[in-house]
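Take a look at the structure set out below.
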Amino acid sequence: MLLIKQLFFGILLPAIVGGGIFVIARSLSPKAYATARYEKEQDGFASWLIAAALGVGYIVGYLGLEGLPAFLPKLGTHWLFYLAIIGLIVARFWHRAVWGPIAQIAISIILPRLLLTSTFKHTWGPIEGIIWWVCLAVVIFIIWHLVEQSFSALPSGASGPFVYFGLSGGTALILALSGSLRLAQHCGILVALFAASWILTLGLQRDRKRFVFPQSASPVATLLLIGIWMNGYFFAEVPAVSAILLMISPLLAQVGRTKAVQGLGGWRSTLAQIVAVALPVVIAVCIAVIRSGLFGDNNGY
């Protein structure tokens, strides 16, 4: 019964809720997204609904798995619920004047202190804590930009949701191999949401030549992925190399903007981008498998 409950609340229900919002958003959005118009169509309510499909879907899954978290979170996983809410709020005002950059900077600075309060207090000294804080803030800010830019760098159609389905799926597998099934379940919610948006995009014929994720959806996707990655590295046993590879994978979406890949044309160009993003994820999973000792002794990689 417990497994059935986890599958329903952690996968099926979030996919249904997120998928329903996604369909509504696509029905309200413009009929076509030409590349030149992509940036101009990011501030509408339909674009925010795409972010809501991810954020609300995750919140539904979180409540099903964990129940309502404490108002003052004590664990890193508790913060995931509030990060989804913060992402939804930021996404709604993402393209108003300088709101986006200000929000990125502020959240990048605050987030490490929120998620790693116990580590700052009990593990790191004052100087070490400041160094970690600065480095983590810079990394979060960079990753946020990478995710945001990947939404427009990836080809239109179902490739965007498919890439993030693979990224979140690889993350969930690494977390499970690293001894944190609880975090893997939370990442499984994202897997279900990205899978739903991928399948729905394939099913909606008119959507195949459109961008799926507007850049205003980046706060939700980024904050949830970063929250899960940080919890996995600092509070589970995710290998450092695996964590780094997962974080840099969105960067490789930019290979699609190189002349060499664009020269391939059509499906070959799309495949090249997907393979480029998937490669570090696959390597990260392999490292986690070796580190886990699943097929032999742990060699301390």
- Return the only residue of I105, I174, I109 being out of contact with any Phe, Trp or Tyr (no Cβ under 9 Å at 6 or more places or on another chain) and at pLDDT 90 or above. I174
- Task: Check the stretch 179-194 and report whether any residue there is modelled with pLDDT of 85 or more, assigned to a helix (DSSP H, G or I), under 19 Å from S156 (Cβ atoms) and touching a helix residue (DSSP H, G or I) at 6+ places or on another chain (Cβ under 9 Å).
- Result: yes
- Note on the structure: Filtering the stretch 63-93 down to residues that are out of contact with any Gly (no Cβ under 7 Å at 6 or more places or on another chain), under 20 Å from Y233 (Cα atoms) and open to solvent by less than 50 Å² (accessible area, probe 1.4 Å) yields P73, G76, T77, H78, F81, Y82
- Query: Can you pull out the residues in the stretch 101-129 that are β-branched (V, I, T) and either within 24 Å of the chain's Cα centre (by Cα) or open to solvent by less than 70 Å² (accessible area, probe 1.4 Å) (or both)?
  - Reply: I102, I105, I107, I109, I110, T117, T119
- Message: Any residue at all in the stretch 81-89 that's aromatic (F, W, Y), on the phi < 0 side of the Ramachandran plot and in a helix (DSSP H, G or I)?
- Response: yes
- Note on the structure: V138 fails exactly one of (1) buried (at least 21 other Cβ atoms within 10 Å of the Cβ); (2) of a type in the set (A, V, I, L, M); (3) under 30 Å from Q273 (Cβ atoms); (4) over 17 Å from the mean Cα position of the chain (by Cα), namely (1)
- Query: Can you tell which of I228, I283 is open to solvent by 50 Å² or more (accessible area, probe 1.4 Å), among the aliphatic types (A, V, I, L, M), in a helix (DSSP H, G or I) and at pLDDT 90 or above?
  - Reply: I283
- For the stretch 123-144, which residues satisfy the criterion of being within 30 Å of R268 (Cα to Cα) and touching a residue at least 24 places away in the same chain (Cβ under 8 Å)? I143, W144
- Which residue out of G179, G160, G129 is among the small types (G, A, S) and under 22 Å from G55 (Cβ atoms)? G160
- Can you tell me which residue in the stretch 195-214 is modelled with the highest pLDDT, limited to those that are open to solvent by less than 10 Å² (accessible area, probe 1.4 Å) and not hydrophobic (A, V, I, L, M, F, W, C)? S197
- Query: Has the stretch 164-172 got at least one residue that is over 22 Å from G266 (Cβ atoms), in contact (Cβ under 8 Å) with a residue 12 or more places away in the chain and either assigned to a loop (DSSP other than H, G, I, E, B) or over 11 Å from the mean Cα position of the chain (by Cα) (or both)?
  - Reply: yes
- Task: Test each condition in (1) surrounded by fewer than 24 Cβ atoms within 10 Å (Cβ to Cβ); (2) assigned to a helix (DSSP H, G or I) for P219 and report the one that comes out false.
- Result: (1)
- Query: If you check every pair at least six apart or on different chains, which have Cβ atoms under 7 Å apart with a residue in the stretch 67-94 that is closer than 19 Å to G10 by Cβ first and a residue that is part of a helix (DSSP H, G or I) and open to solvent by 60 Å² or more (accessible area, probe 1.4 Å) second?
  - Reply: G76/F235; T77/R182
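The values are calculated or read from the model by the stated rules, or taken from the named source; none is laboratory data. Keep in mind that what you see is a predicted model, and the values were worked out from it rather than measured. Using ideal geometry, Cβ is built from the backbone for each residue, glycine included, and neighbour counts are taken over all protein chains shown. Heavy atoms of the whole protein, side chains included, go into the accessibility calculation; ligands, DNA and RNA do not. Shrake-Rupley method; radii C 1.70, N 1.55, O 1.52, S 1.80 Å.
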